[in-house]
Amino acid sequence: MTKHIFVTGGVVSSLGKGLTSASIGMLLESRGLSVRMQKLDPYINVDPGTMSPYQHGEVYVLDDGSETDLDLGHYERFTRSPLSRDSNWTTGQIYQRVIERERRGGYLGQTVQVIPHITDEIKKCINRLCAPEVDVVITEIGGTIGDIESLPFLEAIRQFSLDVGKENCLYIHLTLVPFLKAARELKTKPTQHSVGQLRQIGIQPDIVVCRTEQPLAKEECDKIALFCNVPANCVIQELDADFTIYEVPLSLVEHNLDEIIVKRLGLTGAHERQLNLWQEMLQQLRHPKQEVTIAVVGKYAKHKDAYKSIYEALTHGGIASGTSVRILRIQSEQMTREETVQQIRQANGILIPGGFGERGVEGKIDAVRIARENGIPFFGICLGMQCAVIEYARHVMGMNDANSTEFEKDTEDPVICLMDEQRSIVNMGGTMRLGSQPTTLVAGSKAAEAYGTTGIAERHRHRYEFNYEYRDRFVSAGLTIAGTSPDGKLVEVIELNTHPWFVAVQYHPEFKSQPTHPHPLFRAFVDAAVANKSRGR
């Protein structure tokens, strides 16, 4: 029978439940177990696809086109768990399914209520990941204990142990143990209160994981164990990772968290953990041979989580060559400032990520021009590719007014335009070109060399595209169309053969990068930045 681990959080938000859940999943996989990961989010939005990156961070896209929470990026970077639409559910999706069933008469005249109908629907969503070949499902509950909106999810996971048996469920509560500098003391009271609220709901945590800046003394662990009604060895310290988030699993290993889980759930198929590959990766990160600086020019650069997967993929790209990647975050709206331009000129590589809306676009286009004219390795992603096309049209091909119809509907030269299938769409959520799409690369192109093949599939999230009517004019002007959809109608990759490394793609390669398996384009880009630096830049 599939076992279940439920991860909740208390005291404050942004404690790192996603990282902790992903780390647990990785440790269980290292012991030969089959794991599935899931996030239940309490917000009413149907999905994060229409939410601002300032509100929610990046929208993470899966192969099946699901727009999901950024924590699913942690799941994929840490584990081999296959993710799908069933891996991320929101309050909006749950209520939508219940209301649609009620409208069809599916409840046969019953009064539809939070209990049992909403909670039953939540339990169905959890059960969708169960299968004979799955040993453990790890379900992370978004939000913080005490929030009104998360109560239906907590009630559902309370009921879940009654349905499948307590021996098949394990509850892990992640809390903060704050350090008061003035008193020079760690305070356990917030953790006690948080667990107390959880117990009032009817959930007794089996394990309490304590996020802390300072090591917990035995006396403090014993106090938490006593007042939270858990064994002392089930109070797990999770110190802040000073160097990299990829140290978190090894921190949990030091406190035998995976061993406790295996014994508590009776996972008899587990063998000794095997972490050699992960430890080798950490060694590469800790002892780099060189460093490069990559300027990431975006409109959301102030908000770190807005480009979370980009930053992680850059780090991954340097691991294989023993390169530490220093990221220079540049607000594209500040490209009018001379000091910003000078910073970018000194970078060893320039990356422009995706985004929507007109704000900051001209700054991105300026950054493309700096990269192109100065031979600085350039990597454009999604909107970054579109900006590269606009820049080339304006400053190489003489189309001074070239633009995207997203920013200027009646532009004289719409080199980027709305996709045909998008023209009749009214609803904004879940209606873009989404998910894994095939691409055929040109043999001998830099992209094909990086991938080692000409047939690939990558994840997309866009409404606008390279205008096919301008294709021949761009090719005649020296732009290389290095990748297209299999039918040749959609331009997916562009390159400049006269440049040391200038590659831009319409898709999002950052979503398929892992620390132990860096994405080939990010690896090639970092290598190009290293070569650029060695030339004296």
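The values are calculated or read from the model by the stated rules, or taken from the named source; none is laboratory data. Fair warning: this is a prediction, and the values are worked out from it, not measured in the lab. A quick note on method: Cβ atoms are made from the backbone with ideal geometry, for glycine too, and the neighbour counts reach across all protein chains shown. Please note that ligands, DNA and RNA were not included when accessible areas were found on the heavy atoms of the full protein model with its side chains. Shrake-Rupley method; radii C 1.70, N 1.55, O 1.52, S 1.80 Å.
Taking amide H as placed 1.01 Å from N in the peptide plane, GLU238 has its amide H under 5 Å from the amide H of CYS210, ARG211, THR212, each at least 5 places away in sequence or on another chain.
In the chain, the longest principal axis of the Cα atoms and the axis of helix 520-534 are about 60 degrees apart. Between the range 284-346 and the range 457-523, the alpha-carbon centres lie 21 Å apart. When the C-alpha to C-alpha distance is required to be over 25 Å, the pairs from LYS304/LYS409; LYS17/LYS302; LYS304/LYS489; LYS166/LYS263; LYS3/LYS39; LYS446/LYS512 that qualify are LYS304/LYS409; LYS304/LYS489.
Shown here is the pair-distance distribution of the range 25-67: with all Cα-Cα distances grouped in 5 Å bins from zero up to the longest one, the shares run 5, 17, 19, 19, 14, 13, 9, 3 percent. Taken as Cα centroids, the range 154-172 and the range 34-94 sit 22 Å apart, rounded to the nearest whole angstrom. Stretching SER84 away from ASP147 to a fully extended chain increases their span by 20.0 nm, per 0.36 nm per residue minus the current alpha-carbon distance. Which of the following values of semi-axes √(5λ) of the Cα gyration tensor in Å was calculated from the structure shown: (i) 43, 28, 21; (ii) 56, 33, 20; (iii) 38, 29, 23? Step by step, semi-axes √(5λ) of the Cα gyration tensor in Å for this structure corresponds to label (i). Once both axes come from the Cα atoms, what is the angle between helix 189-201 and the longest principal axis of the chain, in degrees from 0 to 90, rounded to 10? Roughly 80 degrees, rounded to the nearest 10.
With all protein chains kept in place, the per residue accessible area of the range 1-145 amounts to 36 square angstrom at a probe of 1.4 angstrom.
Each listed q (0.13, 0.30 Å⁻¹) maps to a log10 I(q)/I(0) for the range 476-537, found by the Debye formula over equal Cα scatterers with no solvent: -0.45, -1.20. Here the chain carries DSSP beta bridges of which approximately 35% are antiparallel, counting only pairs with both residues inside. Per residue, the range 288-367 exposes an accessible area of 37 Å² to a 1.4 Å probe, with every protein chain left in place. At an R0 of 41 angstrom, the distance between the Cβ atoms of GLU213 and ASN45 translates into a FRET efficiency of 0.80. Using a ≥ b ≥ c from the Cα gyration tensor of the range 132-290 (square roots of the eigenvalues), is it rounded, prolate or oblate, where a/c under 1.5 gives rounded and otherwise the larger of a/b and b/c decides, a/b for prolate? It is oblate, given that a/c is not under 1.5 and a/b is not larger than b/c. For the peptides 315-326, 108-119, the ranking by packing is 315-326, 108-119, with the highest mean count of neighbouring Cβ atoms within 10 Å listed first. Near the amide H of ILE456, within less than 5 Å, lie the amide hydrogens of THR439, LEU441, all on another chain or at least 5 residues away, with H placed in the peptide plane.
Angle of helix 17-29 to the longest C-alpha principal axis of the chain, folded into 0 to 90 degrees and rounded to 10: 80°. Mean residue ellipticity at 222 nm, helices only, the chain: -10500 deg cm²/dmol; runs of at least 4 DSSP H residues each add -39,500 (n - 2.57), and the sum is divided by the number of residues.
Report the extension gain between GLN343 and PHE407 in nm, rounded to one decimal, defined as 0.36 nm multiplied by the number of residues separating them, less their alpha carbon distance.
20.3 nm
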